[in-house]
Amino acid sequence: MYHLIIENGTREGECIRPKGVELTIGREPGNVLRLVDDGVSGHHCVIRLTRRGITVCDCNSTNGVYVNGKPIHEETRLPSGCLIEVGAVAMRFEFLHNVDSHKLRTTVIFWIAAAIVALTFSIQLAGIGIAFWTRHHRFTPEETAAVLKWFPLPPDLPGALLPAAAKPNPAAPTAPASTQLRF
């Protein structure tokens, strides 16, 4: 879910991983995270899991709560990596899944990019090989027909072979020129 890393004070370097929906922070013994510091109130603040995300709320403390150096006056959503200051104690807030998903996302993007580069290189090599082979090979009419069967040319391209149904029939009646649409 998330953790707090205490960055200064007597508990510096300690990693706090809350187990419930609320994490109460204060100097008195009833708090989940007890910080023994003169600048911390008895019940200083609460970090909650809400529908909006993970938020921090000041419990009318004397010295206030700061998120990234700015005082908060209402329930505030916590972005991953932010610095929470409670009295003189600073804590780094981090989502646990962001650490793993960032590494996974970076790895997936790397391998997708590597696959695209390899595929592009393979296609270019194949194209060079085909161009080299066709330059030095004379096609028989049967080979040409077989290739055009699978890879037909657009009908408006000079030299394209039209299917039998598309070839004009000179014996077929045609409409007068005045009724034909021209674009």
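Could you point to the residue in T62, I16, L49 farthest towards the positive end of segment 1-108's charge dipole, with +1 and -1 charges on the Cβ of Lys/Arg and Asp/Glu respectively?
L49
Give me the orientation-averaged projected area of the Cα convex hull of segment 1-142, in nm², one decimal.
One quarter of the hull surface, i.e. the mean projection, equals 14.9 nm².
Of the beta bridges DSSP finds with both residues in segment 1-58, what % are antiparallel, to the nearest 5?
Antiparallel bridges make up about 85 percent of those DSSP assigns within segment 1-58.
Let's test the formula: R0 of 45 Å, r as the Cβ-Cβ distance of N68 and T140. What FRET efficiency results, to the nearest 0.05?
0.05
Based on the mean of other Cβ atoms within 10 Å per residue, sort peptides 83-91, 115-123 so the most packed one is first.
Going by the mean number of other Cβ atoms within 10 Å, highest first, we get 83-91, 115-123.
Given the peptides 8-14, 75-81, arrange them by the average over their residues of other C-beta atoms within 10 Å, most packed first.
Values: 8-14: 12.7, 75-81: 15.0.
Packing order, densest peptide first, comes out as 75-81, 8-14.
Give me the number: length gained by fully extending R34 to K149, i.e. 0.36 nm times residue separation minus the C-alpha to C-alpha distance, one decimal in nm.
33.5 nm is the gain from fully extending R34 to K149.
7 Å from Cα along Cα→Cβ at both H3 and V117: what's the point-to-point distance in nm?
3.4
Tell me the net charge near L78. Cut-off is 12 Å between Cβ atoms, L78 excluded, with +1 for each Lys or Arg and -1 for each Asp or Glu.
Net local charge, L78 excluded: +2.
Read the figures in this text as sums done on the coordinates, not as results from a lab. If you're wondering where the values come from, they're calculated on a predicted model, not measured in any experiment. Here Cβ is always computed from backbone atoms with ideal geometry, including for glycine, and neighbour counts include all displayed protein chains.
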